[in-house]
Amino acid sequence: MMNFPDDIEILKEKVEKFLDPISSAVEKGTKGEKNFLFTASRTEAGRSLPPYYQLYFLFVDLLGYKNLGQFEKVAWSVPIDYNGTAYLLEHRKLGMGLFASDKENQEPECQEIVKKINKAVKISQPYFEWVANESAKRSNLNVLNHSLRLHDRYTYFIDEYYKKIQEANTRKDERIRTQHSENSWSVEIPYYRLKNESEWLAISAIDAFFSFTEHVFIHAAILRGAALTGEDVANLADNEWASKFKECLDIQDQEVKVHYDQLVSIKRQIRNYVAHGAFGKNGEAFQIHSGAGAVPLLMPHQKGSSRFSMQSGIEFNEAEAIKTVEEFMQFYWESKAFPEIIYIQSSMPSILPYASDSTYARAMSSIEKMEDFVEYLTGMHDNAANMDW
């Protein structure tokens, strides 16, 4: 068990031993052929390299190899020496690679280089984990934004719910008579099967809604300055949905409070019940033995005034629940009245340094400023993705 940062030098020595004879071409003074930086070719062996970020942390951060910096379509470039010959480790637009001046004849050496690098990366895993843990305590992090993908899941179940309920209503008076023998037949009423299926879809839509909004609320909290570090975000992610809601919306506002109360009721009585294996947390799955027969442990007077009753199994007024969810979506996600939603709908990650240096605060001051900021940031992101420096 290594104790960082005290044991960094010990790890460096161990890694260098496994990499030997790989070394820094800059420190060793190894010269490549003329225009080597621009003519070196991608090798087949390089396609088996670990992810670019592990190589960067290994060679640049841990071992201190020289990074030549950014070029056109190149994010970073590290020259290495192997038995007196220069090679390049580069992260280019088309991916991480090992580059050589004569890739066909140097392929066996490249295979050896990649094999040694893969071993060194495995040995360095404790260092990578330490870097990650230290980074989480600070603000130099991005938080990935999956809001649109989660929204697509929600809308899929909502659309399927409406289709199913429409089909059920269309076939409400339909009867399907099946004869099994001369004296035996049965009658099926499709409406009841379709109604059950619509209820299942409604439950799935509600579950997708809460998953989606939990994700959105975390990003909104960052944009509003309520989460500044990786630890802040992790702590908020561990909190209940209601806590995330309150970080983003003021429940002292009467309109917000109405939405909040109804959604909390749905979450408690429907989503939580189903998530806990249809047992719930309040004895919903129990019946009392009595002279009247089996009666629900959860008595009617314990349900409160909520419209969303879970007293009898998982029966509930799905139309009312879906209506409540849809009303909140119109109020928040679809209204264009909240600057943070403009940013979140761009799919850009939340950038924590912008939360601590007031960049987000300035953009959050109006819809127009947020739109301008998103346009600027999207342009920067596209250029970075194309490595147009």
At q = 0.12, 0.20, 0.25 Å⁻¹, the log10 of I(q)/I(0) for the stretch 1-103 from a Debye sum over equal Cα scatterers comes to -0.40, -1.06, -1.54
Of the stretch 340-368, those with amide N under 14 Å from the point 7 Å along the Cα→Cβ vector of ALA384 are 347-355
In order over the stretch 96-111: 3J(HN,Hα) from phi, Karplus 6.51/-1.76/1.60, θ = phi - 60°, whole Hz, x for each Gly or Pro, gives 6, x, 10, 10, 9, 6, 9, 4, 5, 6, 9, 4, x, 5, 5, 4
One finds the C-alpha centres of the stretch 161-231 and the stretch 323-339 to be spaced, in Å, by 20 Å
Rounded to whole angstrom, the alpha-carbon centroid of the stretch 105-138 lies from that of the stretch 38-84 at a distance of 12 Å
Placing each pseudo-label 7 Å from Cα in the direction of the beta carbon, GLU27 and VAL295 end up separated by a distance in nanometres of 8.1 nm
The simple spin-label model distance between GLN179 and ILE123, using points 7 Å out along Cα→Cβ, in nm, is 8.4 nm
Between LYS73 and residues 5 or more places away or on another chain, the pairs with built amide H atoms under 5 Å apart involve TRP389
So, over other residues within a Cβ distance under 14 Å of LEU141, counting Lys, Arg +1 and Asp, Glu -1, the net charge is -2
Shape descriptor, the chain: equivalent ellipsoid semi-axes (Cα gyration tensor, sqrt 5λ, whole Å, largest first) stand at 56, 27, 23
Rounded to the nearest 10 Å², the accessible area of HIS91 using a 1.4 Å probe with every protein chain kept is 30 Å²
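Sorted by packing (mean other beta-carbon atoms within 10 Å per residue), highest first, where do 107-113, 136-142 land? Don't jump to the answer; show the numbers that get you there.
On the way: 107-113: 16.7, 136-142: 14.1.
Per-residue mean Cβ counts within 10 Å order the peptides as 107-113, 136-142.
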For the chain, the longest principal axis of the Cα atoms and the Cα long axis of helix 8-19 enclose an angle in degrees, to the nearest 10, of 70 degrees
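What is the sum of charges around ILE251, taking Lys and Arg as +1, Asp and Glu as -1, for the other residues whose C-beta is under 13 Å from the C-beta of ILE251?
On the way: positive: LYS244, LYS246, LYS257; negative: GLU247, ASP250, ASP253, GLU255, ASP261.
For residues surrounding ILE251, the net value is -2.
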Result for the chain: accessible area per residue, probe 1.4 angstrom, in square angstrom, of 55 Å²
In this structure, the FRET efficiency calculated for GLN111 and GLU255 from their beta-carbon separation, with R0 = 56 Å, to the nearest 0.05, is 0.30
Non-local residues with an amide H under 5 Å from the amide H of LEU141, with H modelled 1.01 Å from N and Pro and chain starts lacking one, are LEU352
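222 nm [θ] for the chain, helices only, -39500 (n - 2.57) per DSSP H run of 4+, per residue, to 500? Before the final figure, lay out each step's value.
Numbers: 17 runs with 199 residues, N = 389.
Computed mean residue ellipticity for the chain: -16000 deg cm²/dmol.
Counting Lys and Arg as +1 and Asp and Glu as -1, what is the net charge of the other residues whose Cβ lies under 10 Å from the Cβ of LEU201? Could the numbers behind the result be given before it?
Values: positive: LYS163, LYS164; negative: ASP159, GLU160, GLU197, GLU199, GLU318.
Spelling it out: positives minus negatives among the neighbours equals -3.
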Between GLU134 and ASP20, the two model label points (7 Å from Cα along the beta-carbon direction) sit apart by a distance in nm of 2.7 nm
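The values are calculated or read from the model by the stated rules, or taken from the named source; none is laboratory data. Predicted, not measured: the structure shown is a model, and the values here were computed from it. Here Cβ is always computed from backbone atoms with ideal geometry, including for glycine, and neighbour counts include all displayed protein chains. Remember, those area values only see protein heavy atoms, side chains included, never the ligands or the DNA or RNA. Shrake-Rupley method; radii C 1.70, N 1.55, O 1.52, S 1.80 Å.
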